[in-house]
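Following: one structure in structure tokens, then a few remarks.
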Amino acid sequence: MFRSGSIQSHLTLRDKIFSLDLTLTICIFLIGIISFFAMYSTDGGQFAYHTKSHIIRFIIFFSLFFVISFIKTSFWYGSATLFYLGVLFLLILVKYVGLTSSGSQRWLYLYFLNLQPSELMKIGLILFLAKYYHKISSGDVNKFRYLAQPLLALLFPVILVITQPDLGTSFLIAVGGVIVVWLAGVKMKFFAYLGGLFLLSAPIAISFLKPYQKSRILTFLDPSRDPLGAGYQITQSKIAIGSGGLFGKGFLDGSQSYLDYLPEKHTDFIFTLFSEEFGFFGSMTILMIYILITWRIVNIGHTLRTSFGKLYCYSFATAFFIYVAVNMGMVLGLIPIVGAPLPIMSYGGSSMLAIMIGLGIVMSCKIHKDQSLG
Amino acid sequence: MISDSVGSSKIRLIGRRMFVLTAAKAVVVFGVVGRLISLQINESKKYKTLSDKNRFREWRFAPPRGVIKDYFGEEIASNQKVFQLHLIPENAENLSALIFRLKNILKMSDNAVSKIQKKIKSQKPWDPVIVSDNLTWAEFSRINLFLHELQGVEPIISVARVYREQSSSHVIGYVSKISKKDLQQKNYLANMKAAGMRVGKTGLENKLDSEIIGNVGHKRYEVNAFGKRIKEVSIDQGKNGKSYKTTLDLDLQNLSAELLKGKAGAICVMDIYRGDIITMVSSPTFDPNKFVHGISTKDWRELISHRDKPLVNKAISGLYPPGSTIKGLVAISALENDVVNTKMVQQCSGSIELYGEKFHCWKKKGHGFVDMRKAIKESCDVYFYEVARRLGIDRLSETARAYGLGDTMVKGFHEEKTGVVPNTKWKKQRIGKSWYLGETLHSGIGQGYWQTTPMQLCLMTARIANGGYDVEPRIVLGEKSKFSLFAEKKKNPKSLEEFFNTEQSKEFDDTTIDLGYKPLFRNQENINFVKEAFFGATNEPGGTSYGSRLGKKEFMFAGKTGTSQVRRITEQQRELEIKNEDLPYEQRDHSLYVAFAPYNEPKYSISVVVEHGGSGSKTAAPIAKKVIKKLLERHPLRQQVHDNYKGEDV
């Protein structure tokens, strides 16, 4: 309580700039630069639509990252519930006025960008739950009354997103939520119950899956089952990454992507493109930068003293890591194709916006770590 | 305000649980890195191959076949520009609509359409299917007119086999689409898969196929996932097939075909020293061009149901009893075996009764007293019944085999027949019965079991005409032959006939044995006697082919007629003296003639067979005369060409 004095509550802009985490900022910037090149390559070596639009978005959202960083953590803490409810409202809105593309209703048309509220929900849920567990005492965490609210907060958006349908994003939203709950100290047995419930409901859930979703899971289990159908993506992605070898085929020389064998190369499969052109060293570079980002966020979390800050940073770091892992695991053929973008690298405004907001709040926590949340 | 550092226990719990998550993350990182190592380092080679397989597509195209020329360089089988229509299924937006459209534009039959659809199913979507490989100009321009609405088809100008002269259809053969059987029999076809590939089916096209077919070329393109060609990576033009010069003379081929027009039969001409086949014509002929692009069912039916079997190369696959053309050979056999001498005289009264059977001479009144020369000249059957009786069938068959009967002689022609040289053993084996003496008598005049091809008769005559040496036929220049080996060893003698006709020929006997040119005689006088008797038959009054002689001294030739029965003549028919023309076509005699020319310096032998043409003197001999005249007129030209490419010849 003694730190919640008024001295640190008046940080100058200069102070704030100097207390930015340099490594994290540089890493984000690096990923941005790398993503420009990757996007330039997906445009066939031209400074075309995807490249331009990706660069503009990165500039805007990277700036937004700084803006968010410089805003007091207490503001983010205070508006967490509102943020969550706002996004939840957008998710419901999407149900009615959302844009439909390839059979899935996910987007809201906002003139300058098609907003995908489910991406924002990834952050919204973490923020909401971090605040929730910050508020309740550790003794109450495992009480049934206090379990119900987070469960509802988690299930509601997840179900909304599943029915869009968007299995990948809903899974990533759920994972983010579960991590906060786990970190907050909810006993293992509840996770076990939840897991059991999930397994029991799995057959029912499967019957609700769209045929393409079922086929994706089956194809993952045996990619050669249907090499020109759903397995095509996994197979072509593996060929692209494998054929990159140690040093890659060279910038703009990735034949798999250049010749359109690679599906969704500027979104979910951007890592594949980069791997093909820059080989094992390129892949490892990207992986290391992402690990560095995760590590920095966790480190920031270590320095924080509020459970909100810790919960948020740890959860976001883990969720961020999981986004990366799921995307890479997917393109490497380790897990089924679920449709998960690679943070910052993948083309897509909402995803980048969500990640930048998430990172901005982390940075805000760091800059304002000595300020109270009040 | 909510206290933000409520118990450190809460913070500690978060820290502990975070540690678990960090450990889990490490495991995931190991998994991802391991996978990257496995894909990009360990299995990189495999994926590189797969990636290239993705990228590159190959279009293979058939090379132009080698050209087949005659001795003077005239093209007999060559290539022409054809307009083709290829369809690349994956480029078509709506395949079935496209096929329907093409069907209308080209007026294709349902059958043709279903064939194309079957073909599309059997191959990769980017491999072109040939919708039509020989569009008319009108069809080609109509397609070009509609091309903008026919996405997926490609009009292509290509080359295809064309045969300019139907006179040589049989000897040259034809090409057609590769069949399963071809793939089994011709190993070299394994690497020859290409759209529009044709394979030789008969004749020289088949014999020379492995060389004349060339090497398949390919264009390799980098293509994108939609099959669109991005850039050409490599191109291999392939190798055009090897061209060949043959020993044939297209002018003579044409003349021979002309002379046989409306008849069924064959004409063979060969060089008696080199064995060069100068003419090999079979009639009636057919249009080999029809096979190149797939013959229609109607045309095919017409060909195979034709009475005179146009597809059969009668020169090497037609089997005929040699009739009296065998008499020279019977005489040689008898003389060589010392069974008779040339002075033997036999009375011919038109028939002879032996072993309780009556054997007739063709001349009902009989020839009176005849010696061997007269018997050959006037073709007395009774005389040769007696010669054959004394000689016996086994000795005769031995001589016949030595002179080239009863075996295939032209290498590489799968359609060639061996024929039959009958003897006691043969009959026992093939028919399972003992030989009757009466059959020997029939065999003595070339009737009975004998089966010979016109080519064999031509070769037999050549071996007699060259003084009794076992020349072998050849048809492709540059092919090793006995003659070429001989000429090599002799350091290019100016010509073989020169060698034969100079005193050098004394050493020839030894040399020929070395080289495989084997004398077939014990005493060459016997051969010369028969040659002289043939001269009498053609150039002296009373000779069977006197009416077909050529008066000019340098054109004089010597030959023997033959009339071979295709039925047994009953006594009643003999009494009635039914004329051959009055018989149904199938029962009329075959007309045969063999000859060599010029008589003074023999160079060529010829055989003419006209199916159901009546007597040899009436039909075959006059044809032979015309061929021989042209042949001898063209001899200086041939000699000139020969002198010019002697080196290549050997």
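Could you sort the peptides A:120-133, B:125-138, B:90-103 by per-residue average Cβ neighbour count (10 Å cutoff), highest mean leading?
Averaged packing, sorted descending, gives the order A:120-133, B:125-138, B:90-103.
Distance from the Cα centre of region B:522-581 to that of region A:136-170, in angstrom?
So the separation of the two Cα centres works out to 116 Å.
Provide, for q = 0.11 Å⁻¹, the log10 of I(q)/I(0) from a solvent-free Debye sum over equal Cα point scatterers in region A:2-367.
Ignoring solvent entirely, the Cα scatterers give -0.78.
What Rg and what Dmax come out for region A:158-204 when only alpha-carbon atoms are used, in angstroms?
When restricted to Cα atoms, region A:158-204 yields Rg and Dmax of 11.8, 32 Å.
Using the alpha-carbon centroid of each, what span in Å lies between region B:150-173 and region B:349-388?
56
Averaged over peptide B:401-410, how many Cβ atoms belonging to another chain are found within 10 Å of each residue's Cβ?
0
In what sequence do A:Val362, B:Val20, A:Val338 fall when counting other Cβ within 10 Å, fewest first?
Least to most surrounded, the residues fall as B:Val20, A:Val338, A:Val362.
Cα axis of helix B:110-122 to longest principal axis of chain B: angle in degrees, 0 to 90, nearest 10?
Approximately 60 degrees, to the nearest 10.
So what are the ³J(HN,Hα) numbers for region B:135-147, from phi and the Karplus equation (6.51, -1.76, 1.60; θ = phi - 60°), rounded to whole Hz, Gly and Pro as x?
So the Karplus estimates, Gly and Pro as x, are 6, 6, 4, 5, 5, 4, 6, 5, 4, 4, 5, 8, 3 Hz.
Can you list, bin by bin at 5 Å, the percent of alpha carbon pairs in region B:391-440, starting at 0?
5, 20, 24, 22, 15, 9, 4, 1
On a 0 to 90 degree scale, rounded to 10, what angle separates helix B:8-37 from the longest Cα axis of chain B?
So the helix axis and the longest Cα principal axis differ by about 20 degrees.
When only C-alpha pairs under 8 Å and at least 6 residues apart count, what is the relative contact order of region A:1-120, in percent?
12
In peptide A:306-316, how many Cβ atoms from other protein chains are near each Cβ within 10 Å, on average?
3
To make sure I understand, if each residue's beta carbon is the centre and we count other beta carbons within 10 Å, what order do B:Met192, A:Met328 fall in, fewest to most?
Ordered by Cβ neighbours within 10 Å, fewest first: B:Met192, A:Met328.
List, in the order given, every pair from B:Lys177/B:Lys411; B:Lys115/B:Lys298; B:Lys374/B:Lys428; B:Lys343/B:Lys630; B:Lys25/B:Lys53; B:Lys290/B:Lys629 whose Cα-Cα distance in the structure shown is over 28 Å.
Values: B:Lys177/B:Lys411 24 Å; B:Lys115/B:Lys298 17 Å; B:Lys374/B:Lys428 35 Å; B:Lys343/B:Lys630 37 Å; B:Lys25/B:Lys53 37 Å; B:Lys290/B:Lys629 34 Å.
The pairs that break the limit, which is 28 Å between Cα atoms, are B:Lys374/B:Lys428; B:Lys343/B:Lys630; B:Lys25/B:Lys53; B:Lys290/B:Lys629.
Rg and Dmax of region B:226-307, using alpha carbons, in Å: what are they?
20.8, 65
Just the isolated ones, please: cysteines in the protein assembly as shown lacking another cysteine beta carbon under 4.7 angstrom.
Unpaired cysteines in the protein assembly as shown: A:Cys27, A:Cys313, A:Cys365, B:Cys348, B:Cys361, B:Cys380.
P(r) for the protein assembly as shown: what percent of alpha-carbon pairs falls in each 10 Å bin, starting at zero?
Histogramming the protein assembly as shown at 10 Å steps yields 2, 9, 14, 13, 10, 8, 7, 7, 7, 7, 6, 5, 3, 1, 0, 0 percent.
Got a sec to turn the phi values of region B:59-68 into Karplus ³J(HN,Hα) couplings, 6.51 cos²θ - 1.76 cosθ + 1.60 with θ = phi - 60°, whole Hz, x for Gly and Pro?
Karplus-based 3J(HN,Hα) across region B:59-68 equals 10, 9, 10, 6, x, x, 5, x, 8, 9 Hz.
Do you know the relative contact order of chain B, to the nearest whole percent, from alpha carbon pairs under 8 angstrom that are 6+ apart?
13
Below 8 Å between Cα atoms, with a sequence gap of 6+, how large is the relative contact order for region B:58-245 in percent?
Relative contact order here is 34 percent.
State the Kirkwood hydrodynamic radius of region B:58-245 in Å, one decimal place, computed from all pairs of distinct Cα atoms. If you can, show how the numbers build up before the last one.
Numbers: mean 1/r = 0.0559 Å⁻¹.
About 17.9 Å, per the Kirkwood formula over Cα pairs.
Per residue of region A:136-146, in order, report the coupling 6.51 cos²θ - 1.76 cosθ + 1.60 (Karplus, θ = phi - 60°) as ³J(HN,Hα) in whole Hz, putting x for Gly and Pro.
Here the 3J(HN,Hα) series is 7, 6, 5, x, 8, 3, 9, 6, 4, 4, 8 Hz.
Out of region A:241-338, which chymotrypsin sites (Phe, Trp or Tyr not before Pro) are coil in DSSP terms and have no more than 13 other C-beta atoms within 10 Å?
A:Phe247
Based solely on its DSSP helices, what 222 nm [θ] is calculated for chain A when runs of n ≥ 4 H residues each add -39,500 (n - 2.57) and the sum is averaged over all residues, nearest 500 deg cm²/dmol? Don't jump to the answer; show the numbers that get you there.
Values: 15 runs with 256 residues, N = 374.
Theoretical 222 nm ellipticity from helices: -23000 deg cm²/dmol.
For n ≥ 4 DSSP H runs only, could you compute -39500 (n - 2.57) per run for chain B, divide by its residues and tell me the 222 nm figure to the nearest 500?
Using -39500 (n - 2.57) per qualifying helix, the result is -11500 deg cm²/dmol.
Could you give the alpha-carbon Rg of region B:250-649 over 2.2 N^0.38 Å, rounded to two decimals?
Cα Rg divided by the expected 2.2 N^0.38 Å: 0.97.
No lab work stands behind these numbers, since they all come straight from the coordinates. Not measured: the values here are computed from a predicted model. With ideal geometry, Cβ positions are generated from the backbone for all residues, glycine too; neighbour counts draw on all protein chains shown.
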